[in-house]
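What follows is one structure encoded as structure tokens, with my remarks underneath.
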Amino acid sequence: MPAVSSSMGVLAPLLTKLATLLSDKYKQLNRVRKNIEFLSHELTEMNAVLEKLADVEKLDGQQKLWRNDVREMAYDIEDCIDVFMCYLGNGDNKDGLLKRTARELRKLRARYQITNKIQELKARVIQVAERRDRYINLGESTSNLHKVVEVDPRLPALYEDEKNLVGIVGPCKETTQWLMKKKENSLLQQLKVLSIVGDGGIGKTTLAKQVYNELKKQFDCTSFVSVSQNPDMVMVLKNLLSGIGFHDYGILDDHQKLIDTLRGHLAKKRYLVVVDDIWSTKPWSIIRCAFAQSNSGSRVVITTRIEDVATNCCFGFHGMVYKMEPLNEFNSQRLFCKRIFDSDSIPEKYKKVSEDMLRKCKGLPLAIVSIASLLASQGMHVKKWEKIHDYMISELETNPTLEWMRHVLNLSYLDLSHDLKTCFLYLGIYPEDHIIFKDDLIKLWIAEGFILEKPGLYPEETAESYFNELINRSMIKLDNYRRNEAVSCHVHDLMLDFIISKCQEENFITIVSKQSVMNASELPVRRLCHQLSYKNLAMEKKKLSQVRSYITFPACDYSLQPPISMFVHLRVLDLRAYSTSIFLDLSDVCNLFLLRHLSIRGFKLKMPQKIGGLQCLRTLDLLDSLLVTEIPSDVISLSSLHHLTVSGDAELPSGIQKMTSLQTLLTFKSRGTFSHIFTTLGKFQQFNSSVISLAKAHRSTDGSLRQRSSFTVHEFPFDDGWSTESVLNQLSQHLDSCPPSACHLNLMYPILVGCSPHILSVAWPCLQRLIVRKNIPSVPIMIGYALELTMLELHVEELRCNDFQHLAGLPCLVDLDLTAQATPENIIIVIIYTSRSPSRSRELNYPNNFPKLQKFILTCDLPCLTFKPGTMPQLQILKLHDKKLSNLDKGRGAGGAVEHGSSPLVGIEHLPMLEEIHVTTHSSKESAYRDAVQRHPKIQDTSSTFNICDGSIRTKK
């Protein structure tokens, strides 16, 4: 089935459905066959025009109006066709005479209705077609019209005064040192390529220019050329020649002649070339031909927004990819203040609104400079600044001061394929700073029809490739990963504003927030999203009947939520609540026969008695909701259901083995034995018995354990009749029956102590991920045998010093998350590499040093955390959640804390690879943590955030 598109709507899949209606399966529609053929032919022509318009950067008024007419008409036609196809279905041949008679009567009525409706639709199509004929040039691109050539937005970066730059010294020093670093075997003399990659507006061109200026005197010839999105490669090569001092290229007019000339001119020279703003590997495949391999010590620097392009440009050379990171909090404020206050600090009067603006910029230099310029243009009026902050979407669309920033964001968007554009714009449903879990997003993309079916690939695989591509292109930011797989992401605030602006332009999503209804146009609402409030919802019933997707995020005033019965053509229903105290009656859901995705989290739910009519349903997700009625028994008749997840004590439905499409089954009780469940699950087509995931608590709602071709069982009542030993015995039998290469065990279970050594000896060596979110006494001693363990999350009652001794030697551990209910005050958690005698603070004595650890999360009452030299050499992310109130200023408690200078964090300077540090603590300890973090030698290049946690209140600092 072709994919739904943000720009072309459902026109492509509609054509497929019209073709189906013309097949022999629906031969009872002979009376309207000619009209259906007319619709198919006419809509095919319209689809061709819309495909052309989708590639036009900016449409004129007539084009927009006609495109909107066609797109909205296609939505309405598809709604009608879907309803008719449902009514004309074959039904169940086992039904009795009465049911079969009633079904035939419904079919007769449906055929009568479709005859009349097809006539109406034909008349509407004719009207739109005639309008197209009156404006014959609709399909022509406006790019052919004469227009003023815009200035390259990177131009100011090439001439920026060095004294105005912030946060550039560290990256410049690091990249120049690598470029000129001496190595053995004369590698210094070989051609090296440096790829600088990062978001649009992050400062790639600025860094490349600074490196170029610093090194150019050390080379015989130099050149700085820009490629851009749609380059004229002849002109690029000519500019490259001009830069190195060769000007006699007037007669050269093709790639080969220019490349030959470049190779000849550079053959015996030591050159430095910067190739700025490469968008694909194709231009690089031409440019690289000009760089003959020699031992002259030449260097090439490229910049790009796309990680795959950066990697490809380094291939075949002695290359390095340098990923630029946003400015940290300190440098962001410096840059902002330089542009607007001409100082290094924010005056108290402007502090709050300035910090709000900086949070929105999230360290992106272009955004900081652009917004600072915008605020300065409004005068030093706090009220005006606050208004700009509240209505940033409108400012981004219309304010000339933000034109370059708008242009930079739009370039990344225009470079996406139609399918990727649609999936990208769908991120507009999420509120600002919302964590987006990949698996949840993929399910929504598939349910919405955005994923193009590709031969040999499951829809989930195609959707995951889209998700990874958006990360690769720096369109979304990776938040978390497990075993080198993305788990969650977020969208930069200004990119989200850009997305919402595009959604309004395309009538793609209508967002109802506390401030306003975003996209309050006269066009029908197709996808409705509530964010935090229902108060601004004022829509007629007829408009809600056209809504295809209804999504909410935790909101108040649920009494104002529209009744589910009003959404006649709903495909996606995704609701969130804060707690299970809110009652929701889902009885009317059984009538939403087009529904593909039903996710209700956080409510007290009354389920419908029957649900078997939802034959399109792929996902039924009731996690974190309290069911006051049983799941309908006819759920097993849902042949399209792929994901069935609930919370609590819901029982596994009888006959569930009939659901041959099922891939995910979470948190059910079972009437059978544990071995019976293994036997039952083995019958599922998508169940791969070499991969097992077991869990006790329903805490992991992000679906991160689900794998392609694996069946995920997320909860069995092990505490109610199944002992830990019986569970692990079953696992050991299963593992013994698998080939050694196939045994990859992901275990989530709360009680891993007191088991026989034989069982543990079987389970631990296979363990790759372990999540235990129910408190256990301490870190299990046997954890030291888990030599394949890459990710560990433990909740323990007490965290002891020697617990780290068991963990530090795990050779594959990459991700460690520890939560402790108590840390005795007379113990300092000290992680060391070299041996040391015990002291009053009982420091550890062991030689291991967490060799592969990249992410460390620690949540506890933290007296003092000390890193000694050589510990955690690969650590990139450090997150500390310190729940302990400060008493250091009184000179007591925390054992040796006073000996360490009254600091809760010591030795952070011994973590050479640290890139991010996040601290959540009480306000009384914030200053001490900030002082400790400032001791890191690369603090200017390290991202640091501090959250204040006093009771249940959290505020960003």
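The values are calculated or read from the model by the stated rules, or taken from the named source; none is laboratory data. Fair warning: this is a prediction, and the values are worked out from it, not measured in the lab. As a convention, Cβ positions derive from the backbone with ideal geometry for all residues, glycine included, and neighbour counts pool all protein chains shown. Accessible surface areas use protein heavy atoms only, side chains included; no ligands, DNA or RNA. Shrake-Rupley method; radii C 1.70, N 1.55, O 1.52, S 1.80 Å.
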Inset, instruction - Working only within the range 324-369, note down all residues that are part of a helix (DSSP H, G or I) and among the hydroxyl-bearing types (Ser, Thr, Tyr). - result: SER332, TYR350, SER354
Legend entry - Single residue of ILE393, ILE388, ILE442 found to be modelled with pLDDT of 85 or more and in a helix (DSSP H, G or I): ILE442
Inset, instruction - Find the residue count for the range 928-956, including only residues that are open to solvent by less than 70 Å² (accessible area, probe 1.4 Å), over 28 Å from the mean Cα position of the chain (by Cα) and at pLDDT 80 or above. - result: 6
Legend entry - Checklist (1) under 26 Å from LEU810 (Cα atoms); (2) in the same structural domain as THR942 (by the TED database); (3) open to solvent by 20 Å² or more (accessible area, probe 1.4 Å); (4) at pLDDT below 50 applied to ILE828, failing item: (3)
Inset, instruction - Return a yes/no flag: does the range 466-474 have any residue that is open to solvent by 40 Å² or more (accessible area, probe 1.4 Å) and assigned to a helix (DSSP H, G or I). - result: yes
Inset, instruction - Give the number of residues within the range 35-49 that are out of contact with any helix residue (DSSP H, G or I) (no Cβ under 6 Å at 6 or more places or on another chain) and under 14 Å from ARG131 (Cβ atoms). - result: 2
Inset, instruction - Considering only residues that are free of Cβ contacts under 8 Å to residues at least 40 places away in the same chain and part of a strand (DSSP E or B), look in the range 561-582 and name the one that is surrounded by the most Cβ atoms within 10 Å (Cβ to Cβ). - result: LEU575
Legend entry - Flag if GLU448 is over 27 Å from ILE196 (Cα atoms), open to solvent by 10 Å² or more (accessible area, probe 1.4 Å) and not aromatic (Phe, Trp, Tyr): yes
Inset, instruction - State the number of residues belonging to the range 407-439 that are under 14 Å from MET475 (Cα atoms) and assigned to a helix (DSSP H, G or I). - result: 16
Legend entry - Hits in the range 363-378 - residues which are among the polar types (S, T, N, Q) and crowded, with 22+ Cβ neighbours inside 10 Å: SER370
Inset, instruction - Restrict the check to the range 630-652 and report whether at least one residue is touching a strand residue (DSSP E or B) at 6+ places or on another chain (Cβ under 9 Å), open to solvent by 40 Å² or more (accessible area, probe 1.4 Å) and either of a type in the set (A, V, I, L, M, F, W, C) or closer than 20 Å to GLN531 by Cα (or both). - result: no
Inset, instruction - At least 3 residues that are modelled with pLDDT of 80 or more and either hydrophobic (A, V, I, L, M, F, W, C) or buried (at least 16 other Cβ atoms within 10 Å of the Cβ) (or both) in each: list the strands (runs of 3 or more DSSP E) lying fully within the range 739-816 that qualify. - result: 791-798
Legend entry - Filter result for TYR249 (touching a Lys or Arg at 6+ places or on another chain (Cβ under 8 Å), of a type outside the set (A, V, I, L, M, F, W, C) and either at pLDDT 85 or above or in the same structural domain as PHE291 (by the TED database) (or both)): yes
Inset, instruction - Filter the range 324-362 down to the residues that are of a type in the set (Gly, Ala, Ser) and either outside the structural domain of GLU386 (by the TED database) or open to solvent by 10 Å² or more (accessible area, probe 1.4 Å) (or both), then identify the one that is nearest to ARG305 (Cα to Cα). - result: SER332
